[in-house]
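What follows is a single structure, written as structure tokens, with notes after it.
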Amino acid sequence: MRVLVITGAGVSAESGIPTFRGKDGYWRNLNPAKLATPEAFAKNPRLVWEWYRERRQRIRSAQPNPAHQAIVKLAAHTDEFLLVTQNVDDLHLRAESEGQRLSPDKIVQIHGDIFETRCSRCACSRREPEEEDSNLPRCTECGELMRPGVVWFGEQLDLRKIEQVDNYLTRPSCPVVIVAGTTAAFGYIIDLALRAQDPDGQLIEVNPDPTPLSGFATHLIREPAGIALPRLVDELLAR
Ligand code: APR
């Protein structure tokens, strides 16, 4: 049983984390797509840091939901498993099922980690402590401005993470591919799902709304992930 799961912001929505393109995505009426860019950071790093620090605080006080827990359960009961998430929150990593968590080698955060702070110039990076001050962080090595460790619009994905995903996909294809809570706005998300899918396998989309991926799916579950994924995982494991 080889499984690939791909997730997006919709999976964290039931934990109170706003999605990007949902009506709740806007911050101070600012479009996230305008804030999450190198240009916005260059123009107003203080405003961008305020946004990320507010998001970090909201995530710290949020809890994983049944969708996150179901994915941990699926990972624990399948031979080969990989979760590729676009989410920069740590809810997948904090989620537990039967006292277990996802092992770090079974998750790839392709858009980065919001709790990482890294230098805009050198390779320095660190994980942020619970309490952050509101100063603009400077690199202790080169003195340059530091930025959130996430992938912004217009930026390349981390090659090491692409390699990790490619390694998983070079092995036999997956009889089960689950895509949950994403608009599949990026072509590489659809590409990933189709490359992983076993020709006779299942491509299951979990999303209340249709997406560009829907036409490729073998199964469409138009329900919130927190309701659909626990049931789906139990069905898959029962089988
Ligand atoms: N359960 C399942 N799906 C949900 C739920 C829910 N409870 N609530 C909303 N959704 C769906 C929406 O219908 C939408 O299709 O989740 C999707 C959220 O889409 P986006 O906000 O576009 O988030 P995502 O697909 O993760 O965005 C991808 O784009 O903005 C960049 O880097 C950012 O990682 C992000 C990437």
First in the stretch 166-177 and closer than 11 Å to residue 80 by Cα and in contact (Cβ under 8 Å) with a residue 24 or more places away in the chain, second anywhere and part of a strand (DSSP E or B) and among the basic types (Lys, Arg), Cβ under 6 Å, 6 or more apart: 174/2
Condition met for residue 97 (at pLDDT 95 or above, away from the ligand (no atom under 16 Å from the Cβ) and not aliphatic (A, V, I, L, M)): yes
With within 16 Å of the ligand (Cβ to nearest atom), surrounded by 19 or more Cβ atoms within 10 Å (Cβ to Cβ) and of a type in the set (Phe, Trp, Tyr) as the only criterion, which of 186, 115 stands out? 115
Please work out which residue is farthest from residue 22 (Cα to Cα), limiting yourself to the stretch 211-239 and to residues that are polar (S, T, N, Q) and not in a helix (DSSP H, G or I). 218
Look at the stretch 162-195 and say how many of its residues are closer than 18 Å to residue 221 by Cβ, in contact with a strand residue (DSSP E or B) (Cβ under 8 Å, 6 or more places away or on another chain) and at pLDDT 95 or above. 9
All positions within the stretch 1-41 that are within 8 Å of the ligand (Cβ to nearest atom), β-branched (Val, Ile, Thr) and part of a loop (DSSP other than H, G, I, E, B): 19
Considering only residues that are surrounded by 13 or more Cβ atoms within 10 Å (Cβ to Cβ) and more than 15 Å from the ligand (Cβ to nearest atom), which ones fall in the stretch 195-209? 195, 196, 197, 198, 201, 202, 203
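With respect to residue 185, determine if the residue is assigned to a helix (DSSP H, G or I) and touching a residue at least 12 places away in the same chain (Cβ under 8 Å). Talk me through it step by step, then tell me what you get.
Working: assigned to a helix (DSSP H, G or I): no; touching a residue at least 12 places away in the same chain (Cβ under 8 Å): yes.
Against the criterion (assigned to a helix (DSSP H, G or I) and touching a residue at least 12 places away in the same chain (Cβ under 8 Å)), residue 185 does not qualify.
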Whichever residue in the stretch 210-233 is out of contact with any strand residue (DSSP E or B) (no Cβ under 8 Å at 6 or more places or on another chain) and touching a residue at least 24 places away in the same chain (Cβ under 8 Å) and, among such residues, is surrounded by the fewest Cβ atoms within 10 Å (Cβ to Cβ): 212
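The values are calculated or read from the model by the stated rules, or taken from the named source; none is laboratory data. All of these numbers come straight from a predicted model, not from anything done at the bench. So basically every Cβ, Gly included, is an ideal-geometry build from the backbone, and we count neighbours across all protein chains shown.
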